[in-house]
Amino acid sequence: MSRITRLWILAAVLQAASAAQLGARMDAAGQNITFRVYSSTATRIEVWVYDQPLGAEERLSLPLSADPATKIWAVTVPVGTLRSSGVTGAVCYGYRAWGPNWTFDSGWTKGSGAGFQQDVDAQGNRFNPNKLLLDPYALEVSHDPLIPTSPGQQTDGRIYQSGAADRNTDTGAVAPKGIVIAPAASDAASKPVRAFKDEIVYEVHLRGFTKADPSIPEGLRGTYAGAARKAQYLKDLGVTALELLPVQEFQNDANDVVASTAGDNYWGYDPYNYFAPDRRYAADKSPGGPTKEFQTMVQALHAQGIKVYIDVVYNHTGEGRVDSGSQAGKVLTLRGLDNATYYEVGADGASYVDNNGVAPNLNTANSVVRDLIVDSLSYWANGIGVDGFRFDLAPVLGNACISSCFRFDAKAADNALNRAIAELPLRPASGGRGVD
């Protein structure tokens with residue numbers, strides 16, 4: 001076994017172990033689920049568990065305990081407790097968090113302002129317990145924040161906002177939720193080992209690739225399963241690598257139901273989760289279905305010697321900007337868990353640094369954010385099975401300035417890009433195991 005191969009296997013094991021420390025994971029015996037989430041400034045975090053993703057109230061809620069050294073909050077819940085609480089199928093969950101700007105009050109109830117101090121404080125805290133928060137490490141996501149085609153017609157994005165008019169609006173029944181599934185595990189032996197320099201790359205939008213293709217069964221058009229059926233076609237064209245525009249979960253459910261596509265996010269460059277394959281692109285939308293279907297697509301392409309690359313967006317998220325006057329903004333996931341860790345805030349704590357032109361910088365100089373990026377890359381490469389990555393606005397990932405500025409440092413060994421090259425690791429120039 002070569003040194004490169006040994007490093008590749010060791011990196012895969014270490015990264016899999018790292019990712020397992022956060023998120024919701026069931027134990028090997030299937031008896032307990034442990035929920036883990038990071039926050040350096042929260043004073044209380046609760047996990048709220050639901051028996052269905054939309055239109056239902058919680059079945060139970062439990063407080064998490066914080067490790068003062070790691071700032072990881074955790075609670076282990078027996079599956080029997082979930083079942084006796086009425087969660088008999090898939091486990092859907094989200095977090096509610098309190099902190100310095102919204103202190104915990106035992107009299108707080110959903111839709112209450114009890115404990116409120118301010119929407120954002122000078123340290124950048126934006127806690128709001130009325131907003132159910134999506135786990136950054138959720139392996140699948142139940143649905144988009146806006147769901148105009150679903151019962152209930154959740155079309156008003158203001159429900160997720162902070163600010164005087166919206167801060168007490170509870171989002172629990174409609175917010176996207178994490179779904180507990182087993183982590184994916186790929187067959188590394190099936191991956192092509194061709195040198196990167198020899199690839200002929202074909203970039204496609206996953207849904208657009210087959211949505212109007214009459215050779216694909218109607219129910220599979222625009223899906224991972226539909227793309228899998230084009231493997232032989234791509235090989236016949238001479239394509240050796242398929243690069244997919246973003247497929248990590250993002251808001252896209254309005255694209256087919258509005259008269260104009262102006263302003264719609266068809267392309268996928270506003271993700272709100274970095275681990276979950278977008279459910280809307282799956283023919284199988286059952287819990288675990290999108291992940292399995294994506295893997296099956298990868299395997300079909302690998303069988304024809306075709307690599308799979310994905311376009312990834314780690315410079316900003318779909319939580320978006322805040323209002324420059326009121327400083328009100330969407331509280332959906334990272335912003336409500338640890339705003340100043342996950343985003344690069346301005347000196348006043350309320351504003352943000354934006355070097356990508358569309359939303360606040362992800363705070364990629366922070367080691368927690370770097371871990372999130374590398375854990376996500378590792379999961380897609382070593383779990384789901386993709387072969388390489390194209391980074392959107394990659395200079396933001398090399399930022400070495402942790403607050404109120406931007407300074408790209410290509411030589412910093414611990415920046416997200418260099419860590420990915422070292423830890424995944426990079427495919428040798430002559431070909432072999434590794435990531436492009």
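The values are calculated or read from the model by the stated rules, or taken from the named source; none is laboratory data. Fair warning: this is a prediction, and the values are worked out from it, not measured in the lab. Heads up, the Cβs are rebuilt from the backbone with ideal geometry, glycines too, and the neighbour counts pull from every protein chain shown. Only protein heavy atoms, including side chains, enter the accessible area calculation; ligands, DNA and RNA are left aside. Shrake-Rupley method; radii C 1.70, N 1.55, O 1.52, S 1.80 Å.
Let me know the shape class of the range 75-137, please: from the alpha-carbon gyration tensor, a ≥ b ≥ c as square roots of the eigenvalues, rounded when a/c is under 1.5, otherwise prolate if a/b is greater than b/c, or oblate. Note, shape of the range 75-137 comes out prolate. Which of rounded, prolate, oblate describes the range 24-152, given a ≥ b ≥ c as roots of the alpha-carbon gyration tensor eigenvalues and a/c under 1.5 marking rounded, otherwise prolate only if a/b is larger than b/c? Oblate, since a/c reaches 1.5 and b/c is not below a/b. In nm, give the distance between the simple-model label positions of VAL204 and SER367, each being 7 Å from the Cα along the Cα-to-Cβ direction. Simple spin-label model gives 4.3 nm for this pair. For LYS285 and LYS211, what is the calculated FRET efficiency with R₀ set at 22 Å and r taken between the beta-carbons, to the nearest 0.05? After rounding, the FRET efficiency stands at 0.85. Extension gain, ASP348 to LYS71, is 97.3 nm, computed as 0.36 nm per intervening residue step minus the present C-alpha separation. Relative to the compact-globule estimate of 2.2 N^0.38 Å, the Cα radius of gyration of the range 182-241 comes out at 1.31. Distance check, please: which entries in LYS285/LYS411; LYS71/LYS110; LYS177/LYS235; LYS230/LYS285; LYS307/LYS330; LYS235/LYS330 exceed 32 angstrom between their Cα atoms? Going by Cα-Cα distance, LYS285/LYS411; LYS177/LYS235; LYS307/LYS330; LYS235/LYS330 fall outside the 32 Å limit. One quarter of the convex hull surface built on the alpha carbon atoms of the chain amounts to 21.2 nm², the projected area averaged over directions.
Estimated purely from DSSP H runs of n ≥ 4, each contributing -39500 (n - 2.57), the mean residue ellipticity at 222 nm for the chain is -5500 deg cm²/dmol once divided by its residues.
Once the Cβ-Cβ distance of THR43 and ARG407 is raised to the sixth power relative to R0 = 45 Å, the FRET efficiency obtained is 0.90.
Calculate the tail of P(r) for the range 264-356: the fraction of all Cα-Cα distances greater than 16 Å, expressed in %. Tail of P(r) above 16 Å: 66 percent of Cα pairs.
Calculated accessible area for the chain comes out at 39 Å² per residue, all protein chains present (probe 1.4 Å; ligands, DNA, RNA ignored).
Split the accessible area of the chain by element, probe 1.4 Å, and carbon with sulfur accounts for 54%.
Using Cβ point charges alone (K and R +1, D and E -1), the dipole size of the chain about the Cα centre works out to roughly 920 debye.
How much FRET efficiency would the formula 1/(1 + (r/R0)^6) give for ALA56 and LYS197, where r is the Cβ-Cβ distance and R0 is 45 Å, rounded to 0.05? Working from the Cβ atoms, E equals 0.30. Using only alpha-carbon positions in the range 84-198, the gyration tensor eigenvalues give semi-axes of 35, 19, 16 Å once each is multiplied by 5 and square-rooted (largest first).
For the range 283-328, the convex hull spanned by the alpha carbon atoms encloses 114 Å³ per residue. Working note: Cα atoms of the range 308-373, range along each principal axis, descending, whole Å: 44, 22, 22. Expressed in units of 2.2 N^0.38 Å, where N is the residue count, the Cα radius of gyration of the range 186-340 is 1.17. Descending by average beta-carbon neighbour count within 10 Å, the peptides 52-59, 157-164, 274-281 line up as 274-281, 157-164, 52-59, the highest first. Normalised by residue count, the range 298-422 yields a Cα convex hull volume of 110 Å³ per residue. Length gained on full extension, SER324 to MET26, computed as 0.36 nm times the residue gap minus the Cα-Cα distance: 103.1 nm.
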